[in-house]
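What follows is one structure encoded as structure tokens, with my remarks underneath.
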Amino acid sequence: MKEEPVQMLIQKLEGWLDAFISLIPNMAVTLLLLIIFLVLANLGSKLFTKLFSKASNNEALRHLFSTVVYAAILGIGFFIMLGVLGLDKALTSVLAGIGVIGLALGFAFRDIAANFISGVILAFRKPFKIGEIIAVKDIMGKVSKIDLRITVIETFQGQEVYIPNSDVLQGVIYNFSVLEKRRIDLAVGVSYADNLEKVEDVVLSTIKNLEGVIDKDQIGFDYSEFDSSSINFNIRFWIEYPGEPGYLKMRNKAIKAIKSAFDEQDITIPFPIRTLDFGIKGGQKLSQMELNMNGVSKEVDTK
């Protein structure tokens, strides 16, 4: 009785060994097929990349489609190898298990999947390209890399920012390069004593003669408000962007030019002025206040 389990185990092992020996030719063919399809997948991916590069320079799409071609060729090889090994009938149960696992992984990695899908959409829509100046979620800089998961921006402060593609797609994208120009807006104030027509003529003439300004017929000037100590106006003009001189240089140049022109024409940019009234309720009139001058109290008489 004790020998029966041992005999059953030996018979089982012998059966597995016979099955393994009978599968050796098929396994050799399967190994050969694996090598062949790996080579074919690699060659197919490279060939597609070469052909796609002639039609488009979109790196994200090229990477996506080359990966799909590589995976498709390997998938075909996988089904053929299962047939050689006689495991094609077990494929249904394997796919069912993969479906359950895939559902669980889908919940676990939904952010990665969202970024991947967003990357595909961005690759087709192409709202910006590598090297362009954009702003996304208050982050502004030059696009240095785009892939199917993230967009990399080099900021003007010397930082490299990695933004998930889902955030890029769902947010507002400002592209400062596509129109190849940018407007500079300056707010300035002049004294109430200055002639407003003269101020407008001086400012417009100064900006029109400023090197680096384009579309000079589109320069805008308008008085905006009566402030506490000045009459304020806005001056708007266009420059090439991105390019040299840059935005900050041109803004700095315009401010200095306007200040120099005002000095030459005796136009005043006033300091804030405050009028003090001591005669309000509960207060004391200036004429009734005592001033301490050189340690001696004196009453001010304005009569």
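Please treat every number below as a calculation from the coordinates, not as lab data. A quick note: this is a predicted structure, and the numbers were derived from the prediction, not measured. Neighbour counts run over all protein chains shown; Cβ positions are idealised from the backbone, glycine included.
Amide H contacts for Gly243 (H built 1.01 Å from N in the peptide plane; partners 5 or more residues away or on another chain; cut-off under 5 Å): none found. Residues whose amide H falls under 5 Å from that of Lys145, counting only those 5 or more places apart or on a different chain, are Val152, with hydrogens built in the peptide plane.
Compute the signed sum of charges (Lys and Arg +1, Asp and Glu -1) over the other residues within less than 11 Å, Cβ to Cβ, of Pro270. That works out to -2. Starting from the Cα gyration tensor of the stretch 128-175, take the square roots of the eigenvalues, sort them a ≥ b ≥ c, and report rounded, prolate or oblate (rounded when a/c is under 1.5, otherwise prolate if a/b is larger than b/c, else oblate). The shape class here is rounded.
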